[in-house]
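The values are calculated or read from the model by the stated rules, or taken from the named source; none is laboratory data. Nothing here was measured: the structure is a model prediction, and the numbers come from that model. Cβ placement follows ideal geometry from the backbone for every residue including glycine, while neighbour counts extend to all protein chains displayed.
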Amino acid sequence: MTNYTHWFIRARLKTRQLLLLVALDEEGNIHRAAQVLNMTQPAASKLLKDLEDVLEVPLFERLPRGMRPTWYGETMIRHARVALSSLNQAHDELEAIKAGRYGQVSVGAITAPGLVLLPPAVALVKQEHPSLRIGVQIETSDVLLDRLAQGKLDMLVARLFAQHDKTDLRYETLTEETVCAITRPGHPLLSVAHLGLRDVVNAGWIVSPSGSVLRHRFDLMFQEEGLEAPMNVIETSALLFMTKMLQQSDMIAVVATDVARYYAAHGIVSLLPIALPCQMDAFGIITRTDRLLSPAAKVMLKALKTTAITVYGAKFDLGAEL
């Protein structure tokens, strides 16, 4: 039986208090936060004091020129963002139903599955539910996980690393990701037989930014061959810049194999015939275990899994899970 005596009900937690927490975090000043919420500063101060009295902890440090959240405050702000996002989604779903639409869902993905998995999955959803509104975001795993935590995304196709907080997350592996080297069509190295790392160590490279997993493994790949990592590099993860740069230079780029094949199929790049003994970790479907999926999100999740069976050979018992 549902528990109707949660602390936030007993405390009569107000939506405007949640809005105030977020506004204070963004503005850093109670006067500006009050202006954003169209209330007086005394009213905002009372709302905050009432909340701190209920929680029996200080949520913000009062500084000479503003306010800074305490650890307690950061915790409440994080949950306030999630709660407000969930309320916004509820409103959007209701409006969609009133307008005759099936609902809406937001899905995020890293680049390779964003190219290979999402398009056929979204097409499958649209065939069955043309009025369902779908939002797609392509970003790094770190960015996507932050947005999932904030309630801005319903599900992800991304990676989980050791540093990520896996609390309340469900991860279902899809496949490992290989990488390859690409160049402009007609690059002189394309005609070199038995190409090895020593042949390209002095070339110009377009690589992932320092600190990324792929960059670390790229550098390590040369070091394991007794070579210094290439010094002539451009650091970027922007594919539009990367492909344009390749077209007007003799540089080499390292990308996921699925991404390389997509651009090669359109004649934009060529795959360099060299084995790169480095690959990315596996990626998978990530959802929250502490939130119920909307009907629209369930449809999208089923489409992702159905498509992944064909694209990656993944194994899902769709009847049992969905």
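Going by what's in this entry, would A96 be described as surrounded by fewer than 19 Cβ atoms within 10 Å (Cβ to Cβ), in contact with a strand residue (DSSP E or B) (Cβ under 6 Å, 6 or more places away or on another chain) and modelled with pLDDT under 85? Full working, then the answer.
Working: surrounded by fewer than 19 Cβ atoms within 10 Å (Cβ to Cβ): yes; in contact with a strand residue (DSSP E or B) (Cβ under 6 Å, 6 or more places away or on another chain): yes; modelled with pLDDT under 85: yes.
Yes, satisfied.
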query: Identify, please: which residue in segment 265-287 is over 30 Å from L145 (Cα atoms) and either in contact (Cβ under 8 Å) with a residue 24 or more places away in the chain or in the same structural domain as T111 (by TED's automatic domain parsing) (or both) and is, among those, surrounded by the most Cβ atoms within 10 Å (Cβ to Cβ)?
result: V269
message: Looking only at residues that are in contact with a helix residue (DSSP H, G or I) (Cβ under 7 Å, 6 or more places away or on another chain) and in a loop (DSSP other than H, G, I, E, B) in segment 163-220, which one is surrounded by the fewest Cβ atoms within 10 Å (Cβ to Cβ)?
response: P209
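Would you confirm whether any residue within segment 86-102 is closer than 24 Å to V179 by Cα, assigned to a helix (DSSP H, G or I) and in contact with a Phe, Trp or Tyr (Cβ under 9 Å, 6 or more places away or on another chain)? I'd like the intermediate steps shown before the answer.
First, the residues of segment 86-102 that are closer than 24 Å to V179 by Cα: none.
Within segment 86-102, not a single residue is closer than 24 Å to V179 by Cα, assigned to a helix (DSSP H, G or I) and in contact with a Phe, Trp or Tyr (Cβ under 9 Å, 6 or more places away or on another chain).
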- prompt: Quick check: anything in segment 229-248 at negative phi, in contact (Cβ under 8 Å) with a residue 12 or more places away in the chain, of a type in the set (F, W, Y) and in a helix (DSSP H, G or I)?
  reply: no
Any chance A43 is surrounded by 19 or more Cβ atoms within 10 Å (Cβ to Cβ) and either under 31 Å from the mean Cα position of the chain (by Cα) or part of a helix (DSSP H, G or I) (or both): no
- request: Among the numbered conditions (1) modelled with pLDDT of 90 or more; (2) crowded, with 18+ Cβ neighbours inside 10 Å, tell me where T70 comes up short.
  value: (2)
Count - residues of segment 15-33 that are over 12 Å from P69 (Cβ atoms) and not in a helix (DSSP H, G or I): 1
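Would you be able to tell me the number of residues in segment 54-85 that are assigned to a helix (DSSP H, G or I) and of a type in the set (V, I, T)? Give the derivation first.
Of all residues in segment 54-85, those assigned to a helix (DSSP H, G or I) come to 54-55, 71-85.
Imposing the further condition that a residue be of a type in the set (V, I, T) reduces the set to 54, 75, 77, 82.
Going through segment 54-85 one residue at a time, the tally reaches 4.
Look through segment 12-32, keep the residues that are among the aliphatic types (A, V, I, L, M) and within 13 Å of F60 (Cα to Cα), and return whichever of them is nearest to the chain's Cα centre (by Cα). Talk me through it step by step, then tell me what you get.
We begin by selecting, within segment 12-32, every residue among the aliphatic types (A, V, I, L, M); these are 13, 18-24, 30.
Of the ones still in play, those that are also within 13 Å of F60 (Cα to Cα) are 20-24, 30.
On the way: L20: 27, L21: 24, V22: 21, A23: 24, L24: 26, I30: 31 Å.
Taking the candidates together, the pick is V22.
Please find, among D290, D258, D250, the residue that is surrounded by fewer than 15 Cβ atoms within 10 Å (Cβ to Cβ), out of contact with any Cys (no Cβ under 8 Å at 6 or more places or on another chain) and under 14 Å from A181 (Cα atoms).
Values: D290 fails: under 14 Å from A181 (Cα atoms); D258 fails: surrounded by fewer than 15 Cβ atoms within 10 Å (Cβ to Cβ).
Testing whether each residue is surrounded by fewer than 15 Cβ atoms within 10 Å (Cβ to Cβ), out of contact with any Cys (no Cβ under 8 Å at 6 or more places or on another chain) and under 14 Å from A181 (Cα atoms) leaves just D250.
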